[in-house]
Amino acid sequence: MLYQLYEAQRAMLAPFSEFASASSKLYTHPLSPLAHTPMAQRVAAGLDLMHRLAKEYEKPAFGIGRAKVGGIEVAVQEQVHVHKPFCRLLRFKRFTDDPQALAQMKGQPTVLVVAPLSGHHSTLLRDTVRNLLHDHKVYITDWTDARMVPLEAGAFHLHDYVAYVQEFIRHIGAHVHVISVCQPTVPVLAAVSLMASAGEVTPRTMTMMGGPIDARKSPTAVNNLATNKSLTWFENNVIYRVPQNFPGAGRSVYPGFLQHTGFVAMNPDRHLRSHYDYFLDLMRGDEGSADAHREFYDEYNAVLDMPAEYYLDTIRTVFQDFALVNGTWEVEGRLVRPHDISRTALLTVEGELDDISGAGQTRAAHDLCRGIDRAHQFHYDVPGAGHYGIFSGRRWREMAYPRVREFIGRYEASPLAAPGASPRVRTARGARRAARAA
């Protein structure tokens with residue numbers, strides 16, 4: 001019933017939001033007589049803020065049409081490579097007529113970015129993709145809003161997420177480097193573990209950023225909520241059925257609007273201050289700051305519904321049973337054994353001030369992946385970075401990304417050898433040691 005009430009409220013506010021937007025323009029357009037009245041700027045700013053608070057936020061576009069490769073600007077086209085009911089595998093294909101840039105692009109590593117299915121759209125990783133495109137061929141998982149998936153498509157569980165990741169890795173090829181951001185660190189580790197246990201060729205590298213591999217370490221407010229409430233509580237309080245005005249009518253979901261409420265409730269003072277600053281920026285005519293606010297909240301306020309089965313599976317498996325770190329997680333009858341991974345190098349990245357995935361939660365992957373030689377395991381703490389700073393913004397661009405690029409480049413040039421293979425040099429450091437020994 002709550003979802004239906006929310007939809008009724010949204011429909012009721014829609015015309016008021018449009019009216020506020022139109023009225024705001026009347027007080028700012030130079031040809032409008034109202035623009036020259038006293039307090040016009042203040043009234044326009046208030047109406048614009050009212051519009052943004054009441055409007056519906058749709059999924060933003062990635063909007064990445066250009067990228068620079070070796071200082072040369074190339075065109076970028078978004079392509080759908082695999083279409084599944086709950087996800088699309090996108091590739092950002094780069095094009096150029098410049099022979100130098102073309103030759104450079106052909107030799108660059110291929111990266112699969114596994115975006116979180118945790119409320120926001122995959123476009124939240126736009127900055128991640130934009131930087132990766134300078135030096136890599138880039139794929140990304142683009143998860144579908146569950147309210148748009150008809151009931152005929154069936155349910156979507158955590159083990160389906162794992163299966164999707166495996167299918168995408170196989171589609172791209174074993175030469176791929178996998179980057180998982182936040183929530184997908186767990187299913188990605190499971191997917192690669194199961195592939196290793198089955199004797200399949202695994203990705204060359206795994207980069208895990210800010211994820212709850214071991215949610216017992218440095219628990220945050222998110223972890224405490226999941227552990228202090230029973231699974232029945234979550235079923236009864238946050239799971240609702242999609243209303244009739246969507247293709248997925250009748251599907252059980254964790255609605256996006258409830259998730260958004262939770263996001264805002266974590267830092268209400270910061271969001272209130274941000275909106276007040278936006279109002280002041282409009283009054284001062286500071287369009288640069290106002291545009292930055294709009295860009296951030298156009299993304300932050302655009303949320304999607306999560307399939308109920310997947311959400312409840314995640315709560316139970318990751319945050320209540322700690323099944324991955326306890327070695328008890330089975331995916332369709334197969335035990336998840338991270339220690340079976342041996343041919344994939346590992347990098348974990350954490351933010352110093354991360355208030356979603358606490359310190360040490362991602363780093364715990366190293367203890368689980370003991371089949372990987374310690375020489376091929378790395379960790380990096382991003383100084384001063386919160387959760388979003390490890391994959392977006394200045395700290396991502398200037399601190400985290402150079403480390404990720406260097407790590408991927410090292411194992412693209414010298415991938416790990418298969419167990420039992422003939423001896424060979426595996427890394428640049430190993431090559432120098434071998435040369436000195438000779």
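The values are calculated or read from the model by the stated rules, or taken from the named source; none is laboratory data. Predicted model only: the values in this text are computed from it and were never measured. Neighbour counts run over all protein chains shown; Cβ positions are idealised from the backbone, glycine included.
For the stretch 37-88, a residue qualifies if it is free of Cβ contacts under 8 Å to residues at least 60 places away in the same chain, in a helix (DSSP H, G or I) and of a type in the set (Gly, Ala, Ser), and the qualifying residues are Ala40, Ala54.
Scanning the stretch 90-147 for residues that are outside any loop (DSSP other than H, G, I, E, B) and hydroxyl-bearing (Ser, Thr, Tyr) gives Thr110, Ser122, Thr123, Thr128, Tyr139, Thr141.
I'd like to check something: does the stretch 163-171 contain any residue that is assigned to a helix (DSSP H, G or I), among the aromatic types (Phe, Trp, Tyr) and closer than 29 Å to Phe319 by Cα? Yes, the stretch 163-171 contains at least one residue that is assigned to a helix (DSSP H, G or I), among the aromatic types (Phe, Trp, Tyr) and closer than 29 Å to Phe319 by Cα. Residue pairs whose Cβ atoms lie under 6 Å apart, sitting 6 or more positions apart in sequence or on different chains, and linking a residue in the stretch 12-34 that is in the same structural domain as Arg52 (by TED's automatic domain parsing) to a partner that is part of a loop (DSSP other than H, G, I, E, B) and basic (Lys, Arg), are Ser17/Lys55. Could you check, for the stretch 280-298, whether at least one of its residues is in contact (Cβ under 8 Å) with a residue 60 or more places away in the chain, surrounded by 14 or more Cβ atoms within 10 Å (Cβ to Cβ) and touching a Phe, Trp or Tyr at 6+ places or on another chain (Cβ under 7 Å)? Yes - at least one qualifying residue is present in the stretch 280-298.
The set of residues in the stretch 314-326 that are surrounded by fewer than 20 Cβ atoms within 10 Å (Cβ to Cβ) and either among the acidic types (Asp, Glu) or within 17 Å of the chain's Cα centre (by Cα) (or both) contains only Asp321.
Check the stretch 370-379 and report whether any residue there is aromatic (Phe, Trp, Tyr), closer than 17 Å to Ser180 by Cβ and either assigned to a strand (DSSP E or B) or free of Cβ contacts under 8 Å to residues at least 40 places away in the same chain (or both). Looking for residues that are aromatic (Phe, Trp, Tyr), closer than 17 Å to Ser180 by Cβ and either assigned to a strand (DSSP E or B) or free of Cβ contacts under 8 Å to residues at least 40 places away in the same chain (or both), one finds at least one in the stretch 370-379, hence yes. Cβ separations smaller than 6 Å between residues 6+ apart or across chains give the following pairs from the stretch 228-248 residues that are surrounded by 15 or more Cβ atoms within 10 Å (Cβ to Cβ) to residues that are outside any loop (DSSP other than H, G, I, E, B) and acidic (Asp, Glu): Pro243/Glu7. Do we find that Phe246 is part of a loop (DSSP other than H, G, I, E, B) and either closer than 30 Å to Leu5 by Cβ or in contact with a strand residue (DSSP E or B) (Cβ under 7 Å, 6 or more places away or on another chain) (or both) in this structure? When the stated conditions are applied, Phe246 passes them. Determine, yes or no, whether Thr205 is touching a residue at least 40 places away in the same chain (Cβ under 8 Å), under 30 Å from Tyr380 (Cα atoms), surrounded by fewer than 22 Cβ atoms within 10 Å (Cβ to Cβ) and of a type outside the set (Gly, Ala, Ser). So Thr205 does not fit the description; no. Kindly provide the set of residues from the stretch 76-105 that are closer than 24 Å to Glu167 by Cβ, among the aliphatic types (A, V, I, L, M) and surrounded by fewer than 17 Cβ atoms within 10 Å (Cβ to Cβ), ordered by number. Once the filter is applied, which keeps residues that are closer than 24 Å to Glu167 by Cβ, among the aliphatic types (A, V, I, L, M) and surrounded by fewer than 17 Cβ atoms within 10 Å (Cβ to Cβ), the stretch 76-105 yields Val80, Val82.
If you check Thr362 against the conditions, is it among the β-branched types (Val, Ile, Thr), part of a helix (DSSP H, G or I) and under 21 Å from Thr220 (Cα atoms)?
no
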